[in-house]
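Working notes for the structure below.
The values are calculated or read from the model by the stated rules, or taken from the named source; none is laboratory data. Bear in mind that the values here come from a model prediction, so they are computed numbers and not experimental data. Reconstructed Cβ throughout: ideal geometry from the backbone, glycine too, with neighbour counts over all protein chains shown. Each accessible area value is taken on the protein alone, full model and side chains, heavy atoms only, with ligands, DNA and RNA left out. Shrake-Rupley method; radii C 1.70, N 1.55, O 1.52, S 1.80 Å.
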Amino acid sequence: MNVLRGDIARLRRCTAISTASEGDGVVPRCKPLKYAYEKEIVLYAYFKKLDYFSTECIYSPNAYRGYARTFLKDLESIRPSSIMDIIHSGENLSVREGVKMPVQGTCNRCGYISSQALCKSCVLLEGLNRGLPKLGIGKHHRLHEKILSQQPLTESEERKLKSVDF
């Protein structure tokens, strides 16, 4: 998904063998099965009689992730090494000097990992608490400073965030 979106910062982070973040109490994650295919991991869990959760969300076929997964499976049927090629390209990605990359930090409210001042969960909760259901959906990063400082939104901002189309 990061390749399809062109999100090189996330591609670089997700292909690292361990993810380390700044902040107190943040435990780095390591990926010992990074180069193993999903099928191999499932077979290992099956034969070792490990608990394996394989139920798919009912909304996932229509999600962007579902389309990316289908594309990747089609690509893999043509070229079996395509998944490994994507991982290796993310590892070997080089970015020119001076290019501003998003820095992963922590949320100012809850302290969870976020690349913004507020994590998506806090923005969604704030939107629900203020009666603005569209606040956490889409790109409203310019409003984060107002939310953090508890400033009221302008009438046009509220009108834009209140309308929900079903």
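Quick one: which helices (runs of 4 or more DSSP H) lie wholly within the range 1-87 and hold at least 1 residues that are closer than 28 Å to Ile113 by Cα and of a type in the set (S, T, N, Q)?
The helices (runs of 4 or more DSSP H) meeting that bar are 2-5.
Of these, Arg13, Arg69, which one is of a type in the set (Lys, Arg), surrounded by 11 or more Cβ atoms within 10 Å (Cβ to Cβ) and touching a residue at least 24 places away in the same chain (Cβ under 8 Å)?
Among Arg13, Arg69, only Arg13 is of a type in the set (Lys, Arg), surrounded by 11 or more Cβ atoms within 10 Å (Cβ to Cβ) and touching a residue at least 24 places away in the same chain (Cβ under 8 Å).
Return the pair list, or none, for Cβ contacts closer than 9 Å from residues in the range 104-129 that are over 21 Å from Ile8 (Cα atoms) to residues that are open to solvent by 70 Å² or more (accessible area, probe 1.4 Å) and acidic (Asp, Glu), at least 6 apart or on different chains.
Cβ pairs passing all conditions: Gly111/Asp24.
Considering each of Glu76, Glu56 in turn, give the residue that is farther than 30 Å from Arg96 by Cβ and modelled with pLDDT of 85 or more.
Every option except Glu76 fails the conditions.
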